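Asker: Just dropping this structure here.
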Number of protein chains: 2
Amino acid sequence: MTQQHIVKSYDEELNRLTTLITQMGGLGEAQVASAIQAVTKRDSELASRVVETDRKVDAMEREVQALVIRLLALRQPMAQDLRTIVTALKVSADLERIADYAKNVAKRALVLNQMRPIRTVNGVQRLSRIVQEMIKDILDAYVDLDAAKAVEVWRRDEEVDDMYTSLFRELLTYMMEDPRNITACTHLLFIAKNIERIGDHVTNIAETIHFLVRGEALPVERPKGETTIYAVVEPEKPAEGPGGESSDK
Amino acid sequence: MTQQHIVKSYDEELNRLTTLITQMGGLGEAQVASAIQAVTKRDSELASRVVETDRKVDAMEREVQALVIRLLALRQPMAQDLRTIVTALKVSADLERIADYAKNVAKRALVLNQMRPIRTVNGVQRLSRIVQEMIKDILDAYVDLDAAKAVEVWRRDEEVDDMYTSLFRELLTYMMEDPRNITACTHLLFIAKNIERIGDHVTNIAETIHFLVRGEALPVERPKGETTIYAVVEPEKPAEGPGGESSDK
(Lines give C-alpha, C1' and ligand atoms only; values in the text may rest on other atoms or scores of the structure.)
Protein backbone atom coordinates (compact mmCIF):
# COMPACT_ATOMS: atom_id res chain seq x y z
CA MET A 1 0.00 0.00 0.00
CA THR A 2 3.08 2.21 0.21
CA GLN A 3 3.08 2.40 -3.54
CA GLN A 4 5.20 5.12 -5.09
CA HIS A 5 3.43 7.63 -7.21
CA ILE A 6 5.61 7.41 -10.25
CA VAL A 7 4.19 8.35 -13.62
CA LYS A 8 3.91 5.03 -15.38
CA SER A 9 3.09 4.17 -18.91
CA TYR A 10 -0.30 2.80 -19.73
CA ASP A 11 1.19 -0.57 -20.67
CA GLU A 12 3.06 -0.70 -17.39
CA GLU A 13 -0.17 -0.13 -15.52
CA LEU A 14 -1.97 -2.83 -17.48
CA ASN A 15 0.90 -5.23 -16.77
CA ARG A 16 0.74 -4.29 -13.10
CA LEU A 17 -2.92 -5.36 -13.15
CA THR A 18 -2.06 -8.80 -14.55
CA THR A 19 0.79 -9.19 -12.06
CA LEU A 20 -1.50 -8.30 -9.17
CA ILE A 21 -4.07 -10.87 -10.30
CA THR A 22 -1.50 -13.65 -10.62
CA GLN A 23 -0.02 -12.79 -7.21
CA MET A 24 -3.49 -12.83 -5.73
CA GLY A 25 -4.21 -16.17 -7.39
CA GLY A 26 -0.93 -17.65 -6.18
CA LEU A 27 -1.65 -16.57 -2.64
CA GLY A 28 -5.20 -17.90 -2.91
CA GLU A 29 -3.96 -21.28 -4.05
CA ALA A 30 -1.41 -21.40 -1.21
CA GLN A 31 -4.18 -20.51 1.23
CA VAL A 32 -6.31 -23.42 0.02
CA ALA A 33 -3.35 -25.81 0.28
CA SER A 34 -2.49 -24.66 3.81
CA ALA A 35 -6.10 -24.74 4.99
CA ILE A 36 -6.47 -28.36 3.89
CA GLN A 37 -3.12 -29.26 5.41
CA ALA A 38 -4.34 -27.73 8.67
CA VAL A 39 -7.27 -30.18 8.51
CA THR A 40 -5.35 -33.30 7.50
CA LYS A 41 -2.31 -32.73 9.74
CA ARG A 42 -4.47 -31.31 12.55
CA ASP A 43 -2.22 -28.25 12.55
CA SER A 44 -3.98 -25.44 14.42
CA GLU A 45 -1.06 -23.08 14.17
CA LEU A 46 -1.16 -23.31 10.39
CA ALA A 47 -4.93 -22.81 10.48
CA SER A 48 -4.52 -19.59 12.46
CA ARG A 49 -1.92 -18.39 9.99
CA VAL A 50 -4.35 -18.96 7.10
CA VAL A 51 -7.04 -16.95 8.91
CA GLU A 52 -4.56 -14.14 9.50
CA THR A 53 -3.20 -14.12 5.92
CA ASP A 54 -6.67 -13.63 4.44
CA ARG A 55 -6.33 -9.89 5.13
CA LYS A 56 -3.53 -9.77 2.57
CA VAL A 57 -5.82 -11.18 -0.11
CA ASP A 58 -8.50 -8.64 0.77
CA ALA A 59 -5.93 -5.85 0.54
CA MET A 60 -4.85 -7.11 -2.88
CA GLU A 61 -8.45 -7.08 -4.10
CA ARG A 62 -8.78 -3.46 -2.96
CA GLU A 63 -5.55 -2.66 -4.79
CA VAL A 64 -6.94 -4.19 -7.99
CA GLN A 65 -10.13 -2.16 -7.60
CA ALA A 66 -8.21 1.06 -7.04
CA LEU A 67 -6.02 0.41 -10.08
CA VAL A 68 -9.07 -0.41 -12.21
CA ILE A 69 -10.82 2.81 -11.23
CA ARG A 70 -7.61 4.72 -11.91
CA LEU A 71 -7.17 3.13 -15.34
CA LEU A 72 -10.80 3.79 -16.26
CA ALA A 73 -10.67 7.39 -15.10
CA LEU A 74 -7.29 8.47 -16.42
CA ARG A 75 -6.74 6.31 -19.46
CA GLN A 76 -10.26 6.02 -20.80
CA PRO A 77 -9.53 2.67 -22.35
CA MET A 78 -11.43 1.36 -25.34
CA ALA A 79 -12.39 -2.05 -26.76
CA GLN A 80 -9.93 -4.82 -25.86
CA ASP A 81 -8.18 -2.85 -23.07
CA LEU A 82 -11.51 -2.05 -21.51
CA ARG A 83 -12.38 -5.74 -21.56
CA THR A 84 -9.01 -6.61 -20.01
CA ILE A 85 -9.64 -4.18 -17.18
CA VAL A 86 -13.20 -5.25 -16.44
CA THR A 87 -12.01 -8.88 -16.58
CA ALA A 88 -9.37 -8.17 -13.93
CA LEU A 89 -12.06 -6.75 -11.66
CA LYS A 90 -14.21 -9.87 -12.07
CA VAL A 91 -11.34 -12.32 -11.65
CA SER A 92 -10.11 -10.55 -8.52
CA ALA A 93 -13.59 -10.85 -6.99
CA ASP A 94 -13.57 -14.61 -7.64
CA LEU A 95 -10.07 -14.95 -6.19
CA GLU A 96 -11.12 -13.07 -3.08
CA ARG A 97 -14.02 -15.49 -2.65
CA ILE A 98 -11.70 -18.48 -3.14
CA ALA A 99 -9.40 -17.21 -0.40
CA ASP A 100 -12.42 -16.53 1.78
CA TYR A 101 -13.50 -20.17 1.47
CA ALA A 102 -9.96 -21.23 2.40
CA LYS A 103 -10.21 -19.07 5.53
CA ASN A 104 -13.50 -20.71 6.39
CA VAL A 105 -11.90 -24.16 6.03
CA ALA A 106 -9.06 -23.06 8.32
CA LYS A 107 -11.50 -21.83 10.96
CA ARG A 108 -13.29 -25.16 10.92
CA ALA A 109 -9.91 -26.95 11.16
CA LEU A 110 -9.41 -25.16 14.48
CA VAL A 111 -12.59 -26.80 15.80
CA LEU A 112 -12.02 -30.21 14.25
CA ASN A 113 -8.57 -30.35 15.83
CA GLN A 114 -10.24 -30.32 19.23
CA MET A 115 -12.32 -33.38 18.38
CA ARG A 116 -11.48 -37.00 17.72
CA PRO A 117 -10.15 -37.70 14.21
CA ILE A 118 -12.54 -38.69 11.45
CA ARG A 119 -11.42 -41.00 8.67
CA THR A 120 -13.03 -39.13 5.73
CA VAL A 121 -10.38 -36.45 6.04
CA ASN A 122 -8.54 -38.18 3.18
CA GLY A 123 -11.49 -37.72 0.84
CA VAL A 124 -11.37 -33.99 1.57
CA GLN A 125 -7.68 -33.97 0.72
CA ARG A 126 -8.25 -35.69 -2.64
CA LEU A 127 -11.03 -33.24 -3.47
CA SER A 128 -8.82 -30.31 -2.57
CA ARG A 129 -5.89 -31.56 -4.67
CA ILE A 130 -7.95 -31.36 -7.87
CA VAL A 131 -9.23 -27.92 -6.99
CA GLN A 132 -5.71 -26.63 -6.26
CA GLU A 133 -4.54 -27.85 -9.67
CA MET A 134 -7.52 -26.14 -11.26
CA ILE A 135 -6.53 -22.84 -9.63
CA LYS A 136 -2.93 -23.18 -10.86
CA ASP A 137 -4.01 -24.03 -14.40
CA ILE A 138 -6.61 -21.29 -14.63
CA LEU A 139 -3.99 -18.72 -13.61
CA ASP A 140 -1.75 -20.01 -16.41
CA ALA A 141 -4.68 -19.73 -18.81
CA TYR A 142 -5.25 -16.16 -17.60
CA VAL A 143 -1.64 -15.09 -18.14
CA ASP A 144 -1.37 -16.83 -21.53
CA LEU A 145 -4.86 -15.76 -22.61
CA ASP A 146 -5.43 -19.42 -23.45
CA ALA A 147 -9.17 -19.97 -23.96
CA ALA A 148 -8.77 -23.67 -24.80
CA LYS A 149 -6.99 -24.29 -21.52
CA ALA A 150 -9.67 -22.32 -19.67
CA VAL A 151 -12.34 -24.59 -21.16
CA GLU A 152 -10.32 -27.66 -20.19
CA VAL A 153 -10.13 -26.46 -16.57
CA TRP A 154 -13.82 -25.58 -16.66
CA ARG A 155 -14.68 -29.16 -17.63
CA ARG A 156 -12.71 -30.59 -14.71
CA ASP A 157 -15.23 -29.12 -12.29
CA GLU A 158 -17.53 -32.02 -13.05
CA GLU A 159 -15.04 -34.38 -11.40
CA VAL A 160 -15.03 -32.11 -8.35
CA ASP A 161 -18.81 -32.25 -8.17
CA ASP A 162 -18.82 -36.04 -8.45
CA MET A 163 -16.22 -36.46 -5.73
CA TYR A 164 -18.04 -34.02 -3.50
CA THR A 165 -21.27 -35.94 -3.94
CA SER A 166 -19.76 -39.25 -2.86
CA LEU A 167 -17.99 -37.56 0.06
CA PHE A 168 -21.30 -36.04 1.11
CA ARG A 169 -22.98 -39.46 1.14
CA GLU A 170 -20.06 -41.02 3.00
CA LEU A 171 -20.21 -38.35 5.69
CA LEU A 172 -23.96 -38.81 6.16
CA THR A 173 -23.34 -42.53 6.64
CA TYR A 174 -20.75 -41.88 9.38
CA MET A 175 -23.20 -39.59 11.12
CA MET A 176 -25.83 -42.33 11.08
CA GLU A 177 -23.38 -44.92 12.40
CA ASP A 178 -22.49 -42.96 15.52
CA PRO A 179 -24.08 -39.76 16.82
CA ARG A 180 -20.74 -38.77 18.30
CA ASN A 181 -19.54 -38.23 14.73
CA ILE A 182 -22.31 -35.77 13.88
CA THR A 183 -20.65 -32.49 14.87
CA ALA A 184 -17.29 -33.32 13.31
CA CYS A 185 -18.90 -34.67 10.15
CA THR A 186 -21.05 -31.56 9.84
CA HIS A 187 -17.93 -29.40 9.91
CA LEU A 188 -16.34 -31.70 7.32
CA LEU A 189 -19.48 -31.41 5.19
CA PHE A 190 -19.08 -27.64 5.20
CA ILE A 191 -15.36 -27.94 4.49
CA ALA A 192 -16.09 -30.18 1.51
CA LYS A 193 -18.79 -27.76 0.39
CA ASN A 194 -16.31 -24.87 0.62
CA ILE A 195 -13.86 -26.71 -1.63
CA GLU A 196 -16.62 -27.53 -4.07
CA ARG A 197 -17.55 -23.83 -4.14
CA ILE A 198 -13.91 -22.94 -4.85
CA GLY A 199 -14.21 -25.17 -7.92
CA ASP A 200 -17.27 -23.16 -8.98
CA HIS A 201 -15.33 -19.91 -8.70
CA VAL A 202 -12.58 -21.41 -10.87
CA THR A 203 -15.22 -22.16 -13.51
CA ASN A 204 -16.37 -18.52 -13.23
CA ILE A 205 -12.83 -17.39 -13.96
CA ALA A 206 -12.65 -19.84 -16.87
CA GLU A 207 -15.82 -18.32 -18.30
CA THR A 208 -14.45 -14.81 -17.86
CA ILE A 209 -11.19 -15.73 -19.63
CA HIS A 210 -13.12 -17.38 -22.45
CA PHE A 211 -15.18 -14.24 -22.88
CA LEU A 212 -12.10 -12.04 -22.77
CA VAL A 213 -10.24 -14.04 -25.41
CA ARG A 214 -13.03 -15.13 -27.70
CA GLY A 215 -15.45 -12.28 -27.08
CA GLU A 216 -18.34 -14.65 -26.51
CA ALA A 217 -19.77 -16.71 -23.68
CA LEU A 218 -19.10 -20.43 -23.40
CA PRO A 219 -21.66 -22.16 -25.61
CA VAL A 220 -22.72 -24.79 -23.09
CA GLU A 221 -24.33 -24.63 -19.67
CA ARG A 222 -21.73 -24.56 -16.94
CA PRO A 223 -21.11 -27.93 -15.28
CA LYS A 224 -21.97 -26.32 -11.94
CA GLY A 225 -24.71 -27.41 -9.65
CA GLU A 226 -23.62 -30.26 -7.45
CA THR A 227 -25.93 -33.21 -7.18
CA THR A 228 -25.75 -33.77 -3.40
CA ILE A 229 -28.76 -31.53 -3.34
CA TYR A 230 -30.74 -34.56 -4.35
CA ALA A 231 -28.99 -36.95 -1.98
CA VAL A 232 -31.32 -38.95 0.23
CA VAL A 233 -29.35 -41.23 2.53
CA GLU A 234 -31.22 -43.50 4.96
CA PRO A 235 -29.85 -45.16 8.10
CA GLU A 236 -29.28 -48.90 7.63
CA LYS A 237 -31.39 -49.91 10.61
CA PRO A 238 -34.06 -47.29 11.16
CA ALA A 239 -34.14 -46.31 14.84
CA GLU A 240 -37.50 -46.47 16.56
CA GLY A 241 -38.13 -42.82 17.28
CA PRO A 242 -41.11 -40.49 17.57
CA GLY A 243 -42.48 -38.45 14.71
CA GLY A 244 -42.53 -41.08 11.99
CA GLU A 245 -45.99 -39.98 10.89
CA SER A 246 -44.95 -39.16 7.36
CA SER A 247 -43.39 -41.38 4.75
CA ASP A 248 -39.68 -41.11 4.12
CA LYS A 249 -38.22 -40.81 0.67
CA MET B 1 -33.31 -8.56 -24.13
CA THR B 2 -35.38 -7.16 -27.03
CA GLN B 3 -34.12 -3.73 -26.12
CA GLN B 4 -34.58 -1.01 -28.69
CA HIS B 5 -31.49 0.71 -29.91
CA ILE B 6 -32.60 4.25 -29.39
CA VAL B 7 -30.02 6.96 -28.88
CA LYS B 8 -30.44 7.83 -25.23
CA SER B 9 -28.99 10.61 -23.16
CA TYR B 10 -26.25 9.84 -20.70
CA ASP B 11 -28.55 10.56 -17.76
CA GLU B 12 -31.16 8.23 -19.16
CA GLU B 13 -28.59 5.46 -19.42
CA LEU B 14 -27.43 6.04 -15.85
CA ASN B 15 -31.04 5.92 -14.67
CA ARG B 16 -31.58 2.75 -16.65
CA LEU B 17 -28.70 1.23 -14.67
CA THR B 18 -30.32 2.09 -11.33
CA THR B 19 -33.68 0.81 -12.54
CA LEU B 20 -32.10 -2.47 -13.65
CA ILE B 21 -30.44 -2.92 -10.27
CA THR B 22 -33.65 -2.28 -8.34
CA GLN B 23 -35.60 -4.64 -10.61
CA MET B 24 -32.93 -7.27 -10.12
CA GLY B 25 -33.05 -6.72 -6.36
CA GLY B 26 -36.83 -6.93 -6.30
CA LEU B 27 -36.77 -10.18 -8.21
CA GLY B 28 -34.02 -11.51 -5.95
CA GLU B 29 -36.03 -10.72 -2.85
CA ALA B 30 -39.12 -12.40 -4.35
CA GLN B 31 -37.01 -15.45 -5.18
CA VAL B 32 -35.83 -15.73 -1.57
CA ALA B 33 -39.41 -15.39 -0.29
CA SER B 34 -40.72 -18.04 -2.70
CA ALA B 35 -37.87 -20.44 -2.01
CA ILE B 36 -38.54 -20.33 1.71
CA GLN B 37 -42.27 -20.68 1.13
CA ALA B 38 -41.53 -23.76 -0.97
CA VAL B 39 -39.76 -25.19 2.09
CA THR B 40 -42.32 -24.23 4.73
CA LYS B 41 -45.45 -25.04 2.67
CA ARG B 42 -43.78 -28.07 1.06
CA ASP B 43 -44.67 -26.61 -2.33
CA SER B 44 -42.58 -28.36 -4.98
CA GLU B 45 -44.27 -26.58 -7.86
CA LEU B 46 -43.23 -23.23 -6.40
CA ALA B 47 -39.71 -24.59 -5.85
CA SER B 48 -39.45 -25.56 -9.51
CA ARG B 49 -40.64 -22.11 -10.51
CA VAL B 50 -37.89 -20.50 -8.42
CA VAL B 51 -35.26 -22.69 -10.08
CA GLU B 52 -36.62 -21.74 -13.50
CA THR B 53 -36.84 -18.00 -12.75
CA ASP B 54 -33.17 -17.81 -11.78
CA ARG B 55 -32.29 -17.52 -15.49
CA LYS B 56 -34.04 -14.16 -15.53
CA VAL B 57 -31.80 -12.87 -12.78
CA ASP B 58 -28.72 -14.11 -14.64
CA ALA B 59 -29.93 -12.38 -17.79
CA MET B 60 -30.41 -9.15 -15.84
CA GLU B 61 -26.87 -9.34 -14.52
CA ARG B 62 -25.57 -9.74 -18.06
CA GLU B 63 -27.67 -6.74 -19.09
CA VAL B 64 -26.10 -4.67 -16.29
CA GLN B 65 -22.63 -5.76 -17.40
CA ALA B 66 -23.32 -4.89 -21.02
CA LEU B 67 -24.66 -1.48 -20.05
CA VAL B 68 -21.66 -0.82 -17.81
CA ILE B 69 -19.19 -1.69 -20.56
CA ARG B 70 -21.19 0.50 -22.96
CA LEU B 71 -21.21 3.44 -20.54
CA LEU B 72 -17.49 3.09 -19.85
CA ALA B 73 -16.61 2.83 -23.52
CA LEU B 74 -18.86 5.48 -25.02
CA ARG B 75 -19.32 7.99 -22.22
CA GLN B 76 -15.90 7.88 -20.59
CA PRO B 77 -17.36 8.86 -17.23
CA MET B 78 -15.32 10.61 -14.55
CA ALA B 79 -15.33 10.85 -10.76
CA GLN B 80 -18.78 10.32 -9.21
CA ASP B 81 -20.37 8.85 -12.35
CA LEU B 82 -17.54 6.38 -12.67
CA ARG B 83 -18.09 5.36 -9.07
CA THR B 84 -21.83 4.98 -9.71
CA ILE B 85 -21.16 2.70 -12.65
CA VAL B 86 -18.59 0.50 -10.92
CA THR B 87 -20.93 0.31 -7.92
CA ALA B 88 -23.75 -0.99 -10.12
CA LEU B 89 -21.45 -3.73 -11.40
CA LYS B 90 -20.55 -4.81 -7.85
CA VAL B 91 -24.12 -4.65 -6.55
CA SER B 92 -25.44 -6.67 -9.48
CA ALA B 93 -22.86 -9.38 -8.77
CA ASP B 94 -24.07 -9.58 -5.15
CA LEU B 95 -27.71 -9.69 -6.25
CA GLU B 96 -26.94 -12.49 -8.68
CA ARG B 97 -25.35 -14.44 -5.81
CA ILE B 98 -28.38 -13.78 -3.59
CA ALA B 99 -30.72 -15.16 -6.24
CA ASP B 100 -28.39 -18.11 -6.73
CA TYR B 101 -28.65 -18.98 -3.04
CA ALA B 102 -32.44 -18.76 -3.34
CA LYS B 103 -32.29 -21.22 -6.23
CA ASN B 104 -30.19 -23.56 -4.11
CA VAL B 105 -32.77 -23.37 -1.30
CA ALA B 106 -35.52 -24.18 -3.81
CA LYS B 107 -33.62 -27.21 -5.11
CA ARG B 108 -33.24 -28.52 -1.59
CA ALA B 109 -36.95 -27.88 -0.96
CA LEU B 110 -37.67 -30.33 -3.78
CA VAL B 111 -35.80 -33.03 -1.87
CA LEU B 112 -37.12 -32.13 1.58
CA ASN B 113 -40.68 -32.34 0.28
CA GLN B 114 -40.11 -36.03 -0.41
CA MET B 115 -39.15 -36.66 3.21
CA ARG B 116 -41.03 -36.53 6.48
CA PRO B 117 -41.50 -32.99 7.88
CA ILE B 118 -38.95 -31.56 10.33
CA ARG B 119 -40.05 -29.12 13.00
CA THR B 120 -37.14 -26.66 12.69
CA VAL B 121 -38.59 -25.41 9.43
CA ASN B 122 -40.08 -22.50 11.41
CA GLY B 123 -36.65 -21.36 12.54
CA VAL B 124 -35.58 -21.21 8.90
CA GLN B 125 -38.64 -19.08 8.15
CA ARG B 126 -37.84 -16.59 10.92
CA LEU B 127 -34.25 -16.34 9.73
CA SER B 128 -35.39 -15.74 6.20
CA ARG B 129 -37.87 -13.03 7.20
CA ILE B 130 -35.09 -10.83 8.60
CA VAL B 131 -32.94 -11.38 5.53
CA GLN B 132 -35.81 -10.49 3.19
CA GLU B 133 -36.36 -7.22 5.07
CA MET B 134 -32.66 -6.50 4.83
CA ILE B 135 -32.78 -6.94 1.04
CA LYS B 136 -35.77 -4.57 0.77
CA ASP B 137 -34.14 -1.94 2.98
CA ILE B 138 -30.77 -2.11 1.25
CA LEU B 139 -32.45 -1.53 -2.11
CA ASP B 140 -34.14 1.56 -0.65
CA ALA B 141 -30.78 2.73 0.66
CA TYR B 142 -29.31 2.18 -2.81
CA VAL B 143 -31.98 4.21 -4.59
CA ASP B 144 -31.94 7.02 -1.98
CA LEU B 145 -28.12 6.96 -1.66
CA ASP B 146 -28.73 6.74 2.08
CA ALA B 147 -25.46 5.72 3.74
CA ALA B 148 -26.94 5.83 7.26
CA LYS B 149 -29.64 3.39 6.29
CA ALA B 150 -27.06 1.15 4.65
CA VAL B 151 -25.08 1.04 7.90
CA GLU B 152 -28.26 0.24 9.82
CA VAL B 153 -29.00 -2.72 7.53
CA TRP B 154 -25.36 -3.78 7.76
CA ARG B 155 -25.62 -3.96 11.56
CA ARG B 156 -28.70 -6.21 11.38
CA ASP B 157 -26.59 -9.01 9.95
CA GLU B 158 -25.39 -9.77 13.46
CA GLU B 159 -28.91 -10.85 14.39
CA VAL B 160 -28.94 -13.15 11.37
CA ASP B 161 -25.67 -14.73 12.45
CA ASP B 162 -26.96 -15.27 15.98
CA MET B 163 -30.18 -16.87 14.78
CA TYR B 164 -28.29 -19.05 12.36
CA THR B 165 -25.98 -20.23 15.12
CA SER B 166 -28.83 -21.35 17.36
CA LEU B 167 -30.59 -22.98 14.42
CA PHE B 168 -27.39 -24.84 13.60
CA ARG B 169 -27.13 -26.19 17.16
CA GLU B 170 -30.80 -27.14 17.17
CA LEU B 171 -30.45 -29.09 13.93
CA LEU B 172 -27.42 -30.98 15.23
CA THR B 173 -29.46 -31.97 18.28
CA TYR B 174 -32.27 -33.36 16.10
CA MET B 175 -29.74 -35.35 14.14
CA MET B 176 -28.40 -36.86 17.34
CA GLU B 177 -31.88 -37.70 18.60
CA ASP B 178 -32.80 -39.79 15.60
CA PRO B 179 -30.57 -40.87 12.70
CA ARG B 180 -33.61 -40.81 10.42
CA ASN B 181 -33.49 -37.01 10.74
CA ILE B 182 -29.90 -36.74 9.54
CA THR B 183 -30.45 -36.35 5.81
CA ALA B 184 -33.32 -33.88 6.13
CA CYS B 185 -31.51 -31.89 8.82
CA THR B 186 -28.38 -31.73 6.68
CA HIS B 187 -30.38 -30.19 3.85
CA LEU B 188 -31.94 -27.76 6.33
CA LEU B 189 -28.45 -26.90 7.61
CA PHE B 190 -27.42 -25.98 4.08
CA ILE B 191 -30.65 -24.04 3.56
CA ALA B 192 -30.00 -22.06 6.75
CA LYS B 193 -26.41 -21.53 5.63
CA ASN B 194 -27.63 -20.22 2.27
CA ILE B 195 -29.86 -17.68 3.99
CA GLU B 196 -27.01 -16.64 6.26
CA ARG B 197 -24.83 -16.15 3.17
CA ILE B 198 -27.56 -13.98 1.61
CA GLY B 199 -27.25 -11.77 4.69
CA ASP B 200 -23.51 -11.51 4.05
CA HIS B 201 -24.14 -10.37 0.48
CA VAL B 202 -26.54 -7.72 1.78
CA THR B 203 -23.74 -6.43 4.03
CA ASN B 204 -21.46 -6.35 0.95
CA ILE B 205 -24.02 -4.16 -0.80
CA ALA B 206 -24.25 -1.97 2.30
CA GLU B 207 -20.48 -1.50 2.24
CA THR B 208 -20.56 -0.67 -1.47
CA ILE B 209 -23.31 1.94 -0.94
CA HIS B 210 -21.42 3.44 1.97
CA PHE B 211 -18.32 3.74 -0.18
CA LEU B 212 -20.30 5.25 -3.05
CA VAL B 213 -21.97 7.90 -0.89
CA ARG B 214 -19.24 8.72 1.58
CA GLY B 215 -16.22 7.87 -0.56
CA GLU B 216 -14.67 5.80 2.20
CA ALA B 217 -14.92 2.28 3.55
CA LEU B 218 -16.95 1.49 6.66
CA PRO B 219 -14.68 2.20 9.63
CA VAL B 220 -15.39 -1.04 11.51
CA GLU B 221 -14.82 -4.68 10.68
CA ARG B 222 -17.82 -6.23 9.04
CA PRO B 223 -20.07 -8.19 11.43
CA LYS B 224 -19.64 -11.20 9.15
CA GLY B 225 -18.22 -14.52 10.18
CA GLU B 226 -20.82 -16.71 11.76
CA THR B 227 -19.96 -18.42 14.98
CA THR B 228 -21.35 -21.89 14.23
CA ILE B 229 -17.87 -22.59 12.99
CA TYR B 230 -16.93 -23.01 16.60
CA ALA B 231 -20.01 -25.05 17.54
CA VAL B 232 -19.29 -28.32 19.27
CA VAL B 233 -22.49 -30.17 20.06
CA GLU B 234 -22.33 -33.52 21.86
CA PRO B 235 -25.03 -36.21 22.01
CA GLU B 236 -26.79 -36.34 25.37
CA LYS B 237 -26.15 -40.03 25.92
CA PRO B 238 -22.94 -40.97 24.13
CA ALA B 239 -23.55 -44.08 22.08
CA GLU B 240 -21.15 -46.96 22.60
CA GLY B 241 -19.50 -47.13 19.23
CA PRO B 242 -16.12 -48.07 17.83
CA GLY B 243 -13.30 -45.66 17.25
CA GLY B 244 -13.40 -43.67 20.45
CA GLU B 245 -9.62 -43.78 20.69
CA SER B 246 -9.21 -40.05 20.83
CA SER B 247 -10.61 -37.60 23.34
CA ASP B 248 -13.52 -35.40 22.35
CA LYS B 249 -13.39 -31.67 22.89
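Asker: Take the residues in the range B:130-147 that are modelled with pLDDT of 95 or more and open to solvent by 60 Å² or more (accessible area, probe 1.4 Å), then tell me which one is nearest to A:ASN181 (Cα to Cα).
Answerer: B:GLU133
Asker: Something else now. For the range A:201-236, name all the residues that are on the phi < 0 side of the Ramachandran plot, at pLDDT below 70 and not aliphatic (A, V, I, L, M).
Answerer: A:PRO219, A:GLU221, A:ARG222, A:PRO223, A:LYS224, A:GLU226, A:THR227, A:THR228, A:TYR230, A:GLU234, A:PRO235, A:GLU236
Asker: Determine which single condition A:THR18 fails, assuming it passes every other condition in (1) within 30 Å of B:ILE85 (Cα to Cα); (2) open to solvent by 40 Å² or more (accessible area, probe 1.4 Å); (3) outside any helix (DSSP H, G or I).
Answerer: Going through (1) within 30 Å of B:ILE85 (Cα to Cα); (2) open to solvent by 40 Å² or more (accessible area, probe 1.4 Å); (3) outside any helix (DSSP H, G or I) one by one, A:THR18 breaks only (3).
Asker: Can you pull out the residues in the range A:152-185 that are free of Cβ contacts under 8 Å to residues at least 60 places away in the same chain and open to solvent by less than 20 Å² (accessible area, probe 1.4 Å)?
Answerer: A:VAL153, A:VAL160, A:LEU167, A:LEU171, A:MET175, A:ASP178, A:ILE182
Asker: Scan the range A:187-200 for residues that are within 20 Å of A:ASP161 (Cβ to Cβ) and within 11 Å of chain B (Cβ to nearest Cβ) and report the count.
Answerer: As a first pass, look at the range A:187-200 and keep what is within 20 Å of A:ASP161 (Cβ to Cβ): A:188-200.
With within 11 Å of chain B (Cβ to nearest Cβ) added as a condition, the list becomes A:189-191, A:193-194, A:197, A:200.
Counting residues in the range A:187-200 that are within 20 Å of A:ASP161 (Cβ to Cβ) and within 11 Å of chain B (Cβ to nearest Cβ) gives 7.
Asker: Among the residues of the range A:78-122, which ones are of a type in the set (A, V, I, L, M, F, W, C), more than 23 Å from B:GLN80 (Cβ to Cβ), at the interface with chain B (Cβ under 8 Å from one of its Cβ atoms) and in contact with an Asp or Glu (Cβ under 8 Å, 6 or more places away or on another chain)?
Answerer: Once the filter is applied, which keeps residues that are of a type in the set (A, V, I, L, M, F, W, C), more than 23 Å from B:GLN80 (Cβ to Cβ), at the interface with chain B (Cβ under 8 Å from one of its Cβ atoms) and in contact with an Asp or Glu (Cβ under 8 Å, 6 or more places away or on another chain), the range A:78-122 yields only A:MET115.
Asker: Here is a further query. Being of a type in the set (Phe, Trp, Tyr) and either within 30 Å of B:GLU170 (Cβ to Cβ) or surrounded by 16 or more Cβ atoms within 10 Å (Cβ to Cβ) (or both) narrows it down to one of B:TYR10, B:TYR101, so name that one. Lay out the reasoning, then the answer.
Answerer: Values: B:TYR10 fails: either within 30 Å of B:GLU170 (Cβ to Cβ) or surrounded by 16 or more Cβ atoms within 10 Å (Cβ to Cβ) (or both).
Exactly one of B:TYR10, B:TYR101 is of a type in the set (Phe, Trp, Tyr) and either within 30 Å of B:GLU170 (Cβ to Cβ) or surrounded by 16 or more Cβ atoms within 10 Å (Cβ to Cβ) (or both), namely B:TYR101.
Asker: Would you please name the residue that is most open to solvent (accessible area, probe 1.4 Å), looking only at residues in the range B:210-219 that are within 25 Å of A:ASN104 (Cβ to Cβ) and more than 12 Å from every other protein chain (Cβ to nearest Cβ)?
Answerer: Going through the qualifying residues, I end up with B:PRO219.
Asker: Looking at this structure, is A:GLU29 part of a helix (DSSP H, G or I), open to solvent by 10 Å² or more (accessible area, probe 1.4 Å) and modelled with pLDDT under 95?
Answerer: Numbers: part of a helix (DSSP H, G or I): yes; open to solvent by 10 Å² or more (accessible area, probe 1.4 Å): yes; modelled with pLDDT under 95: no.
The answer is no for A:GLU29.
Asker: Right, next: Would a scan of the range B:153-167 turn up a residue that is out of contact with any Lys or Arg (no Cβ under 8 Å at 6 or more places or on another chain), under 18 Å from B:ARG214 (Cβ atoms) and part of a helix (DSSP H, G or I)?
Answerer: yes
Asker: Additional query: Kindly indicate the residue of the range A:49-77 that is farther than 19 Å from A:ALA35 by Cα and away from chain B (no Cβ under 13 Å) and also modelled with the highest pLDDT among those meeting that condition. Working first, answer last.
Answerer: Let us first name the residues in the range A:49-77 that are farther than 19 Å from A:ALA35 by Cα, namely A:59-77.
Still in the running and away from chain B (no Cβ under 13 Å): A:60, A:63.
Details: A:MET60: 95, A:GLU63: 92.
Among those residues, the one meeting the criterion is A:MET60.
The values are calculated or read from the model by the stated rules, or taken from the named source; none is laboratory data. Keep in mind it's a predicted model, so treat the numbers as computed, not measured. Methodologically, a virtual Cβ is constructed for each residue, glycine included, from the backbone with ideal geometry; neighbour enumeration extends over all protein chains shown. Note: accessible area is taken over every heavy atom of the protein model, side chains too, but ligands, DNA and RNA are not part of it. Shrake-Rupley method; radii C 1.70, N 1.55, O 1.52, S 1.80 Å.
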